[in-house]
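Read the structure below first, then the notes.
The values are calculated or read from the model by the stated rules, or taken from the named source; none is laboratory data. Note that the structure is a prediction, hence the values are computed from the model and not measured. With ideal geometry, Cβ positions are generated from the backbone for all residues, glycine too; neighbour counts draw on all protein chains shown.
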Ligand SMILES: N[C@@H](CCC(=O)N[C@@H](CS)C(=O)NCC(=O)O)C(=O)O
């Protein structure tokens, strides 16, 4: 049962899995405190943070002394522990299994493939000062294309959200990854009407929680645009 004490989360909102956690906390109105861990400053390697998470990664949740890493585990824990609306992580076994099916797939498909586009187009060139590796980017985009095909042909084939008629935590993990290349000015969903309508539905189901979580990413995009 919830203790009444706000749950603590350690996040950097430029990180996709952190945004998914942030959105759920806000959209489901779970009392929480955000502690920012600035990855660009290497704060994940500090002694204190390493004690909390020896993996030196965000997100991390701390709930009354209980420490949990991995966005997938954190999202599911929050849904089980707090009185969130049933649709986020349905209790009915088959519907819950659909969410688990997507989240298992997500970590070897949507996540690495969308993240790689952002890394190649934004993060690596910014850190090294060198030009984008166009050949590697083309390969990453074609891998991502195959993932987007599967999202449309399997998960969104006959339903408005990835795992059924209503939004679940699976949509949060997916949308945050698919937004990431926007940091480099690239909307990877352009030309894909089914995914575009899904993103519009997700965004309107989330209200301000969506744009609040993405404000840092929009700022990265806008700063880069201003430099061109
Ligand atoms: N599988 C983890 C991935 C966590 C992860 O890769 N976090 C990245 C940011 S997106 C991080 O903290 N990177 C810092 C580093 O590797 O130094 C999850 O879903 O929570």
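If you go through region 174-194 and keep only what is farther than 22 Å from residue 119 by Cα and in a helix (DSSP H, G or I), you end up with 193, 194.
Does residue 62 fit the bill of being more than 21 Å from residue 210 (Cα to Cα) and touching a strand residue (DSSP E or B) at 6+ places or on another chain (Cβ under 6 Å)? Walk me through it before giving the result.
Values: more than 21 Å from residue 210 (Cα to Cα): yes; touching a strand residue (DSSP E or B) at 6+ places or on another chain (Cβ under 6 Å): yes.
Spelling it out, residue 62 is indeed more than 21 Å from residue 210 (Cα to Cα) and touching a strand residue (DSSP E or B) at 6+ places or on another chain (Cβ under 6 Å).
In this entry, residue 159 is excluded by the filter for residues that are modelled with pLDDT of 95 or more, closer than 30 Å to residue 223 by Cα and in the same structural domain as residue 201 (by TED's automatic domain parsing). Residue 140: over 29 Å from residue 124 (Cβ atoms), outside the structural domain of residue 19 (by TED's automatic domain parsing) and assigned to a helix (DSSP H, G or I), yes or no? For residue 140, the condition - over 29 Å from residue 124 (Cβ atoms), outside the structural domain of residue 19 (by TED's automatic domain parsing) and assigned to a helix (DSSP H, G or I) - is not met. Just to verify a result, which residue in region 36-59, among those that are away from the ligand (no atom under 11 Å from the Cβ) and closer than 19 Å to residue 72 by Cα, is surrounded by the fewest Cβ atoms within 10 Å (Cβ to Cβ)? It comes out as 54. Only one of the numbered conditions (1) near the ligand (Cβ under 10 Å from one of its atoms); (2) closer than 18 Å to residue 169 by Cβ is violated by residue 23, and that is (1).
Okay, residues lined up against (1) within 16 Å of the ligand (Cβ to nearest atom); (2) surrounded by 16 or more Cβ atoms within 10 Å (Cβ to Cβ):
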{"residue": "93", "(1), (2)": "no, no"}
{"residue": "122", "(1), (2)": "yes, yes"}
{"residue": "133", "(1), (2)": "no, no"}
{"residue": "141", "(1), (2)": "no, yes"}
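Residues in region 149-173 that are under 16 Å from the mean Cα position of the chain (by Cα) and assigned to a helix (DSSP H, G or I) were compared, and the one that is nearest to residue 115 (Cα to Cα) is 173.
Only residues that are free of Cβ contacts under 8 Å to residues at least 12 places away in the same chain and assigned to a helix (DSSP H, G or I) were counted in region 73-98, giving 7.
Within region 101-117, being in contact (Cβ under 8 Å) with a residue 40 or more places away in the chain, over 13 Å from the mean Cα position of the chain (by Cα) and under 25 Å from residue 223 (Cα atoms) holds for one residue alone: 117. Put simply, of 48, 12 the only residue that is out of contact with any strand residue (DSSP E or B) (no Cβ under 9 Å at 6 or more places or on another chain) and over 30 Å from residue 153 (Cα atoms) is 48. The single condition from (1) buried (at least 18 other Cβ atoms within 10 Å of the Cβ); (2) within 16 Å of the ligand (Cβ to nearest atom) that residue 70 fails is (1).
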